[in-house]
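Notes for the one structure printed next.
The values are calculated or read from the model by the stated rules, or taken from the named source; none is laboratory data. These numbers come from a predicted model, not from an experiment. Quick note on the areas: whole protein, heavy atoms, side chains included, nothing else; ligands and nucleic acids left out. Shrake-Rupley method; radii C 1.70, N 1.55, O 1.52, S 1.80 Å.
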Amino acid sequence: PFQVVGGKVKKPGKRGRKPAKIDLKAKLERSRQSARECRARKKLRYQYLEELVSSRERAICALREELEMYKQWCMAMDQGKIPSEIKALLTGEEQGKAQQSSTKLAKAVKTEGNSSNP
């Protein structure tokens with residue numbers, strides 16, 4: 001199974017190029033550069049995660065404030081008081097419905113007038 005070539009014993013299965021002797025200084029510098037890049041990526045990743053967490057925390061605070069406002073409204077309504085904000089919402093919706101119905105009537109009148117005149 002072994003071949004003797006030029007006084008050297010060759011083992012089968014060892015094919016391909018032999019690894020070149022890599023300059024140790026260049027190898028060390030590549031390793032340092034890779035470590036620097038890794039630290040920079042890690043720093044950016046942590047920065048991104050911190051921004052994400054702070055934005056979520058702000059959203060949570062806003063939702064808590066909104067929930068507290070709704071609680072106050074409910075407590076006031078349980079006592080028979082209607083908060084001014086709800087009154088404004090209700091009157092705004094009624095006005096909006098009135099405006100929508102008046103515009104629908106105006107459109108209906110216009111279409112009827114157009115169909116009667118050839």
**Q.** Exclusive hit being modelled with pLDDT of 95 or more and either open to solvent by 80 Å² or more (accessible area, probe 1.4 Å) or not small (Gly, Ala, Ser) (or both), set TYR70, TYR46
**A.** TYR46
Q | Enumeration of residues in the range 74-110 that are open to solvent by 100 Å² or more (accessible area, probe 1.4 Å), modelled with pLDDT of 80 or more and of a type outside the set (A, V, I, L, M) | A | ASP78, GLN79, LYS81, LYS87
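Would you mind finding the one in ILE82, ILE60 that is in a helix (DSSP H, G or I) and among the aliphatic types (A, V, I, L, M)? First the steps, then the outcome.
Details: ILE82 fails: in a helix (DSSP H, G or I).
Residue meeting the stated conditions: ILE60.
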